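Beneath this line is the structure, given in structure tokens, with notes to follow.
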Amino acid sequence: MPENKKPSNKKHPERPVESERIKRAVEIATEAHKAQLRKTGEPYIIHPLAVKKILEEWQMDEDTIIAGILHDTVEDTSLTLEDIKREFGESVAFLVDGVTKLGQVRKNMNDLDTYLPETRDNFLRLMIATGNDIRVLIIKLADRLHNARTLSALPPDKQKKIALETLEIFAPLADRLNMGRLRVELADIAFSYVDPKRYDYLKKLIEENNKQAAKALKQIEQEVSDLLTKEKMEFEISGRIKSVYSLHKKLAKHNQNLGEIYDLTALRIIVPDITSCYLALGLIHSLYTPMNGRIKDYIAKPKQNGYQSLHTTVITKNKKIVEFQIRTREMHEYAERGLAASFYYNEQKLTESYKQGKIQHLPTNLLWITELQDAAAKLKEGKKVDLKKLRLNLFADKIFVYTPKGDIIDLPKGSLPLDFAFRLHSEIGGHVVGVKINGKMSNLNRKLEQGDIIEILTSKNQTPKTSWFDKVFTSHAKQKLRQMLPKE
């Protein structure tokens, strides 16, 4: 890689990975699992230790790492939740209990021989089961990743069954949490078992393409590096390899026409701040010819899962087609690790929130998790959950709108100003007297559009009204409104 300065984004100090509590958890798990073997014939403790390593790589908090080490003990050994609570505290016990219950939910799922519509409801049930603490889901994803990596030890029928479940539930779930690196690995491993011939064919295709493009890509990388260095920019530049399953899906969209896939060859540029992202984009366009319709601004308009980056596809002087992705270090960390990165950057706030029983400080693009909490609370009370409505809110097309301060809020397409207000806070939603959209007064029936800047006007004298049910779209806002209205 050409020499260049690295972005100066401040990084959090590395947390010690081998605290005394973690060492103690390893001792207890080793003793609890000592008589057990994996299908590979290895001691079972290898699996919890692998989960521990994955959670450490994701830089999760200490309680999550300890729960990962102990995640199979309650179900598979004589260790009890009370033992764990006594040794490691309520938070770790709660997480282990959550993973245990999640395993029970999985056992009740339909056999995924094909991608059935019911899968989405299974997906929801899985997510609802983790609603009280999303760290449960992160532990389960780490557990699934290691199991996927060791699938070869199982008989072929079980390999395919687990691979299908991984491909249709866990990989999309990683994508919903914007854990890009995890999504790619889970999907590619699973696809290699679901359709091994297709996997091998596409893998060779990618390898051949990369081999052919290597020399040209190195020259392009050097040209861009020279230009950015000349402009005294701080940056990192590297190649990006397309995943097999991603290519499989793209070819399906383009009638198997490889000539229409423009991002097989790609370069990624990481810069210190958003201004530098747009500056780098302009410089690349001054060097090469941008392709019409191939510039995507996911910074101004993030993807549904919160992914942010600039994408552009250009034609070089030698008629090579190359895609560039330009982002900040924090955007890159979030694109790679998603929700896990959010815990890293906001660990103290998030931990405190869980003690209070609610996620109050999640990034705005992940506030949909609070809807899972609401659903989990309903189920705990024996109430029914409308999976159809919840599915609509979680999987419908999203729009991204902004507060006047520039905070990004994601909402289902079709949302109205009151939905935005209730998403910000119930107290704001309950006292709305008006709304400004893009600096102009508007009415509460106006559907919000991508990129709108919304300012909610409130008054302490205002109270919620039954007529507002006609002015809300999301189940979250309807539920909050119902709670605030007098009981009839």
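Which order do D273, D133 fall in if you start with the one that has the fewest other Cβ atoms within 10 Å? Can you show the working numbers first?
Details: D273 15, D133 25.
In order of increasing Cβ crowding within 10 Å: D273, D133.
Cut-off is 10 Å between beta-carbons; in what order do K53, K204 appear when sorted fewest neighbours first?
Working: K53 15, K204 11.
In order of increasing Cβ crowding within 10 Å: K204, K53.
Cross-link partners for K478 among the aspartates and glutamates, with Cα-Cα distance under 15 Å and sequence neighbours closer than 8 places in the same chain left out: E371, D374, D386, D419, E427, D470. Which value in nm describes the separation of the simple spin-label points at D226 and D157, placed 7 Å from the Cα toward the beta carbon? Taking the simple label geometry, D226 and D157 are separated by 6.3 nm. In this rough spin-label picture, where each label sits 7 Å from Cα along the Cβ direction, the F469-K436 distance is 3.3 nm.
Express in whole angstrom the spacing between the alpha-carbon centres of segment 224-247 and segment 20-55. After rounding, the separation between the Cα centres reads 39 Å.
Quick one: check the C-alpha center-to-center distance for segment 415-465 versus segment 164-190, whole angstrom. Answer, in whole Å: 36.
Rounded, prolate or oblate for segment 409-457? Axes are the square roots of the Cα gyration tensor eigenvalues, ordered a ≥ b ≥ c, and the cut-off for rounded is a/c under 1.5. Can you show the working numbers first?
Values: a/c = 1.65, a/b = 1.12, b/c = 1.47.
Verdict is oblate for segment 409-457.
When its C-alpha radius of gyration is set against 2.2 N^0.38 Å (N residues), segment 33-73 gives a value of 1.20. From the cross-link list K85/K158; K301/K405; K215/K242; K253/K413; K232/K296; K53/K211, which pairs have alpha carbons spaced over 27 Å apart? In this structure, K85/K158; K53/K211 lie more than 27 Å apart at Cα. Highest mean first, the peptides 28-34, 167-173 sorted by other C-beta atoms within 10 Å per residue fall in the order 167-173, 28-34.
Using the beta-carbon distance between E427 and K218 and R0 = 45 Å, what value does 1/(1 + (r/R0)^6) give for FRET efficiency, to the nearest 0.05? All intermediate terms of the calculation are to be shown ahead of the outcome.
Details: r = 57 Å, r/R0 = 1.26.
Given R0 = 45 Å and the Cβ-Cβ separation, E is 0.20.
Annotation for E449 and K197: the two label points, set 7 Å from Cα along the Cα-Cβ direction, are 5.0 nm apart. For segment 283-334, trypsin sites (Lys or Arg not before Pro) are listed when DSSP marks them as loop and at most 11 other Cβ atoms sit within 10 Å of their Cβ; the list is K317, K319. Both the radius of gyration and Dmax for segment 436-484 are 12.0, 31 Å, in that order, over alpha-carbon atoms.
Since every read-out is calculated from the coordinates, none of them should be taken as a lab result. Just so you know, these numbers come straight off a predicted model, no measurement behind them. Backbone-built Cβ (ideal geometry, glycine too); neighbour counts: all protein chains shown.
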